[in-house]
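Here's the structure we're looking at; comments come further down.
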């Protein structure tokens, strides 16, 4: 496996290249309080690369602007543009299928970008999707779900305060494309316990 820094236009991150085969590519991004070096993203990138995929872990535009702090709602559209730009970079690196995803805020912006651009990716990997703010179950972040035409795998901790398993199971039928929910028993929003699930995730994505 080869790992190298990547800067291409407005896209900045770390590229993982497999030693031999090229089965396709993953573009993965981070949550609101993190960056592309989040431990979960690194662990999954290593697992996916070992299985023959090129992986790009990248920083969203808001994180490129400042090393710390949360994104502002006013910059969300720009972050979605960053998702599309990262996918475009990956298209220049592999002829195989492209999978897009991210953790929490990064997954939300990735899925919103895919709803706006249905051909963006073969499927989505949504880690700890923030279904609602903690303690505010009525403020669901599902308004775009009916427009999401891309198969999606949700990986979610059973103790995630941003959405319970039952709440997610009730929301997923809003998505007209195929979906699957992989629950990680006892995991919180950081999904630390999912770091070793790379092979399971790949198998489930392949079945979507």
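The values are calculated or read from the model by the stated rules, or taken from the named source; none is laboratory data. The model shown is predicted, which means the values in this text are computed figures rather than measured ones. Neighbour counts run over all protein chains shown; Cβ positions are idealised from the backbone, glycine included.
Please determine whether any residue of the stretch 65-78 is within 15 Å of residue 13 (Cβ to Cβ) and in contact with a helix residue (DSSP H, G or I) (Cβ under 6 Å, 6 or more places away or on another chain). There is no residue in the stretch 65-78 that is within 15 Å of residue 13 (Cβ to Cβ) and in contact with a helix residue (DSSP H, G or I) (Cβ under 6 Å, 6 or more places away or on another chain).
Restricting the stretch 171-202 to residues that are in contact (Cβ under 8 Å) with a residue 40 or more places away in the chain and in a loop (DSSP other than H, G, I, E, B) leaves a set whose member that is nearest to residue 123 (Cα to Cα) is 197.
Does residue 119 satisfy the criteria of being under 14 Å from residue 99 (Cβ atoms) and surrounded by fewer than 17 Cβ atoms within 10 Å (Cβ to Cβ)? Spelling it out, residue 119 is indeed under 14 Å from residue 99 (Cβ atoms) and surrounded by fewer than 17 Cβ atoms within 10 Å (Cβ to Cβ). Looking across the stretch 179-208, the residues that are out of contact with any helix residue (DSSP H, G or I) (no Cβ under 7 Å at 6 or more places or on another chain) and more than 23 Å from residue 55 (Cβ to Cβ) come down to 185, 188.
Would you confirm, using the coordinates I've provided, whether residue 101 is within 23 Å of residue 153 (Cβ to Cβ), under 12 Å from the mean Cα position of the chain (by Cα), surrounded by 22 or more Cβ atoms within 10 Å (Cβ to Cβ) and modelled with pLDDT of 95 or more? Considered against the rule, which asks whether it is within 23 Å of residue 153 (Cβ to Cβ), under 12 Å from the mean Cα position of the chain (by Cα), surrounded by 22 or more Cβ atoms within 10 Å (Cβ to Cβ) and modelled with pLDDT of 95 or more, residue 101 comes out as yes.
Pick from 80, 63, 23: which is out of contact with any strand residue (DSSP E or B) (no Cβ under 7 Å at 6 or more places or on another chain), closer than 21 Å to residue 151 by Cα and crowded, with 20+ Cβ neighbours inside 10 Å? Outline the logic, then answer.
Values: 63 fails: closer than 21 Å to residue 151 by Cα; 23 fails: crowded, with 20+ Cβ neighbours inside 10 Å.
Residue meeting the stated conditions: 80.
Among strands (runs of 3 or more DSSP E) entirely within the stretch 70-166, having at least 3 residues that are without any contact (Cβ under 8 Å) to a residue 40 or more places away in the chain singles out 152-157.
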